[in-house]
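Taking it in order: structure first as structure tokens, then the write-up.
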Amino acid sequence: MTHHDDIALMAHLMRRAGFGAGRDELEARVAKGYDATVEELLHPEEHPPVDPYTLLRYQPSSLLPGGVPPMGNVNYMYYLVSTQRPLEEKMALFWHHVFATGNSKVDNYDQLLEQIDLFRERGMGNYKDLLLTISKNPTMIFWLDNNQNHGTEVNENWGRELLELFSLGAGNYTEVDVREASRAFTGWTFGTKIPRLPYGRFPWKFEYRGEDHDDGVKTFLGHTGNFNGEDIINIVVEQPACAKFICRHLYNFFVADEPQVPAWNLEPPRDPAAVEMLTQTFRANKCEMRPVLRALFTSDFFKKARYKHLKSPAEVVVGTLRLTGGYDLPKPGYGQLSMQPSYMGQDLLNPPSVEGWHTGQEWINSGSLMARINFVAEQVGNTNLPGVQAIVDRLKAMGVLEPEQLVDSCLDLLGPVEVGADTKKVLTEQAKQWGQIRWDTPAHVEAATKQTGELLQLIVATREYQFA
Amino acid sequence: MALTTYVKGRAYDWSHAIGRASANGTGFNYPQTMCLGTDGDIYVANRGNENNFGMRVNHIKVGGPGEEELLAEFATYGEADGNTIWPFGVAVDKNGEVYVTDEWKSTVSVFDAKGKFIRKWGTPGSGPGQLKGPAGIICEPNGNVIVVDSGNNRLQVFTPQGKLVAQCGKAGSGEGEFNKPWGITLDKDGNIYVADWKNHRVQKLSPAGKFLMAIGRYGKLPVAPNAFAVTYLGPFISSVPATERIPAGILNHPTGVAVDPEGDIYVTDWGNHRLCIFDKEGHPLTHLVGDAQVMSKWGQQSIDANPDMMKAYRRVQNIEQLWRFCFPTAVVFNPKTDQIIVADSQRNRLQVYNKVRDYVDFQANL
């Protein structure tokens with residue numbers, strides 16, 4: 001492979017396993033090697049975690065923000081933008097998408113942030129452990145009404161979504177299984193928390209109430225016994241459908257866009273062999289996520305999937321802010337900044353339903369597309385931001401640039417971004433209007449810098465830039 | 001913890017709580033610092049947030065339990081003169097003028113005792129007399145003002161009109177060096193105490209800015225096996241004490257400092273959710289963790305107006321979380337009343353303790 005190919009592949013890895021990387025970082029990672037970078041991403045403990053104290057010094061209300069935006073989003077955005085553990089944060093976002101829990105009902109960003117922290121901590125660990133932990137997570141319990149699931153009066157909300165959206169997928173269980181699973185989770189609830197007035201929010205704590213648990217015999221997915229919630233999870237993760245369901249989620253999130261989840265029992269995977277390989281790895285490693293992720297990122301199907309994934313709004317915003325820099329400290333206005341994914345259709349910490357967000361082309365409509373382009377264009381057009389300045393500096397080091405060179409270089413330094421011939425022609429026509437780019441006088445530097453910013457704005461407005 | 005803590009001839013007795021979470025009026029919104037007024041009153045600088053924009057300084061009469069009163073509010077959110085974006089430090093001079101730092105605008109605004117804007121000074125930068133994210137502020141008896149120029153990791157001394165008089169300190173962790181310092185106070189001899197936030201210590205400097213002593217080193221409180229966190233960063237509540245001994249003198253991001261007339265030093269150990277007390281030599285005496293077992297007057301008003309709140313309170317199994325400090329940011333000692341007042345920032349209240357001087361121990365076999 002040429003150096004450019006190496007850079008392009010590393011950029012692909014960092015866009016998917018993280019939120020992109022600037023050229024300096026990409027070059028350092030290429031020098032380190034692809035497989036070594038994958039290992040580093042899989043072991044986030046090698047890098048320090050985000051410093052929460054710095055966030056709280058500047059934005060103290062982001063710790064217990066209550067139910068009104070944007071301070072909960074400020075907390076989450078700060079982690080996304082400043083993390084040195086990109087895959088850990090990406091996996092937290094993945095699980096937030098799968099175990100979708102929202103502020104619309106919970107009315108408490110504190111609890112949602114606690115759940116995200118749980119995903120950070122356990123997101124690359126064992127899926128079975130994570131499923132058991134999320135079963136006891138008070139935010140999830142409230143979101144899916146398991147606090148109203150009593151031994152004498154069963155509520156099936158949690159039991160149903162556990163099977164339909166969190167483990168097996170529709171078509172792999174019966175209504176009787178839903179009922180029996182729900183019975184097994186009776187008594188799994190939380191204690192009354194200290195109310196919000198007058199001193200602000202306090203946390204929920206999981207509580208098991210044996211007197212409210214249905215102790216009768218249940219028959220679930222062909223097994224019969226006096227099951228409790230743990231038994232249900234043990235049976236669920238042994239189902240072949242479970243491994244396939246989780247691995248299809250991984251494929252959709254990290255490799256290439258799949259149909260929406262409700263269609264998965266109707267439409268086969270885009271790449272059945274890839275999902276099967278991941279499934280076998282998942283099962284062979286007894287639900288450990290790290291080996292599956294390693295297999296995914298080092299596979300040929302992943303390396304060939306460049307630009308087959310439409311960026312989610314979180315990827316658009318976080319990727320842009322990490323590229324342009326200047327947001328390492330929370331500053332006034334961070335609230336509006338952290339709400340940008342919401343304006344593009346992905347209200348973080350508040351997914352539209354337990355099904356999570358619809359992905360792929362469904363991210364795009366006329367409003368969301370304009371929000372994406374306007375936001376990114378405003379950022380990359382600000383040549384005072386350090387990441388944009390770094391691009392300008394690299395161009396400057398190249399000396400005099402012909403219009404075609406300017407276009408190629410900007411495309412390269414923004415990704416590399418791969419565009420079609422028509423797009424390139426339009427970009428080049430614009431660059432030709434500026435003529436040669438020179439850096440030899442202050443006036444030329446000023447003009448060249450401005451034109452670079454404008455060309456970057458044109459590039460991020462292209463169709464191709466919406467893909468990762 | 002006990003309501004009364006007795007150690008080495010000193011007794012600290014919890015008195016009452018003041019305030020509630022409120023973006024305006026009778027309450028607080030994430031206090032960053034505070035200072036004593038000239039008459040037992042207190043000024044609190046509230047950071048607010050981008051939802052409620054409760055940034056402001058409020059002026060409070062303290063008094064005994066139930067005697068608190070809101071006297072004034074000023075330095076509210078905005079760009080104009082007399083408004084603030086990120087209020088941080090607050091100090092009162094001998095004439096009753098109130099100085100407020102704005103961490104974002106890198107300015108110092110001056111108000112009269114009733115909160116009327118008088119003047120401001122300060123420009124952003126790192127040159128002499130410029131400011132970068134000013135935090136705490138204190139007025140010297142001679143009328144000069146010391147500003148914790150936190151972003152520049154130094155202290156700068158100004159006249160009341162903003163003319164630079166002196167400066168000391170630079171970035172680092174050595175003697176007289178700072179890492180994002182926060183609060184500041186003076187003792188009766190004019191020595192300067194600075195909460196050196198990211199260096200996890202308090203530094204004592206002479207009135208001329210010479211290093212004299214450092215108090216504290218980095219450490220986190222041990223957590224008991226069955227503890228649960230009130231936030232993911234603590235405080236950690238447990239029905240049993242931690243088996244591990246608390247190492248003496250540890251601090252985790254200290255934010256505020258006060259000194260009483262005997263020279264005892266009070267430090268808000270922000271990241272460990274407690275108030276640490278040291279003797280004048282810097283030896284640890286004890287710590288207080290917050291004991292707000294009685295609802296504040298204004299807090300009770302919130303509950304009385306929302307009956308569901310009281311219903312919920314009556315169902316809570318462990319109410320201890322309610323009593324404890326959660327990221328306390330500031331402390332002042334009132335020598336006239338012997339009150340130790342702690343800004344319990346995440347709980348948007350003040351907790352008041354009395355330093356009892358004539359405490360007589362009780363009969364142990366009661």
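Please treat every number below as a calculation from the coordinates, not as lab data. In this text, all values refer to a predicted model and were calculated from it rather than measured experimentally. Cβ sites come from the backbone with ideal geometry, for glycine too, and all protein chains shown count toward neighbours.
List of remarks:
- Shielding value for A:198-211 is 5, the average number of Cβ atoms from other chains within 10 Å of each residue's Cβ.
- Rg/Rh ratio calculated on Cα atoms of segment B:11-163 (Kirkwood radius): 0.97
- Entry for the protein assembly as shown at q = 0.08, 0.10 Å⁻¹: log10 I(q)/I(0) = -0.79, -1.14, Debye formula applied to identical alpha-carbon scatterers, no solvent contribution.
- Inter-chain shielding of A:61-68 (mean C-beta neighbours from other protein chains, 10 Å cut-off): 5
- Cβ neighbours within 10 Å from other chains - mean over B:309-322: 4
- A cut-off of 5 Å between modelled amide H atoms, ignoring neighbours fewer than 5 places along the same chain, links B:Tyr77 with B:Met55, B:Thr84.
- When B:Ile138, B:Ile319, A:Ile373 are sorted by how many other C-beta atoms sit within 10 angstrom of their C-beta, beginning with the fewest, the order is B:Ile319, A:Ile373, B:Ile138.
- Under 5 Å, built H, 5+ apart or other chain: amide partners of B:Ala11: B:Val356
- Normalised size of segment A:381-446, defined as Cα radius of gyration per 2.2 N^0.38 Å with N residues, equals 1.11.
- The packing ranking, built from the mean of other Cβ atoms within 10 Å per residue, places the peptides A:10-19, B:145-154 in the order B:145-154, A:10-19, highest first.
- Residue (of A:Leu427, A:Gly399, A:Thr441) at the positive-pole extreme of segment A:386-466, dipole from beta-carbon charges: A:Thr441
- All-pairs alpha carbon distance profile, chain B, 10 Å steps from 0, percent: 5, 25, 35, 24, 8, 2, 0
- If you model segment A:126-304 as an ellipsoid using its alpha carbon gyration tensor, with each semi-axis the square root of five times an eigenvalue, the axes come out at 32, 20, 14 Å, biggest first.
- Residue-by-residue Karplus 3J(HN,Hα) for segment A:3-8, coefficients 6.51, -1.76, 1.60, Hz, glycine and proline x: 4, 5, 5, 4, 4, 4
- A cut-off under 11 angstrom between Cβ atoms defines the neighbours of A:Asp393, and their net charge, with Lys, Arg +1 and Asp, Glu -1, is +2.
- Stokes-Einstein D (µm²/s) once Rh is taken as the Kirkwood radius of segment A:258-300 over alpha-carbon pairs, at 10 °C in 1.306 mPa s: 141 µm²/s
- Coordinate range along principal axes, alpha carbons of segment B:75-211, Å, largest first: 40, 28, 24
- Each 10 Å bin from zero holds the following percent of Cα-Cα pairs in segment A:1-42: 33, 62, 5.
- Using C-alpha pairs below 8 Å separated by at least 6 residues, the relative contact order for segment A:335-404 is 22 percent.
- When the convex hull of its Cα atoms is projected in every direction, mean area for chain A (nm²): 23.5 nm²
- Principal-axis analysis of the Cα atoms of chain A puts helix A:366-380 at an angle of about 50° to the longest axis.
- Nearest-ten-degree value, helix A:403-413 long axis tilted from longest Cα axis of chain A: 30 degrees
- Point-charge dipole on Cβ atoms (K/R +1, D/E -1) for segment A:1-42, about Cα centre, debye to 20: 160 debye
- C-alpha long axis of helix A:442-460 to longest principal axis of chain A, angle in °: 40 degrees
- Our coupling estimate for segment A:35-50, obtained by passing each phi through the Karplus curve with A = 6.51, B = -1.76, C = 1.60 and θ = phi - 60°, is 5, 5, 5, 4, 4, 4, 5, 6, 10, x, 5, 6, 10, x, x, 4 Hz, Gly and Pro reported as x.
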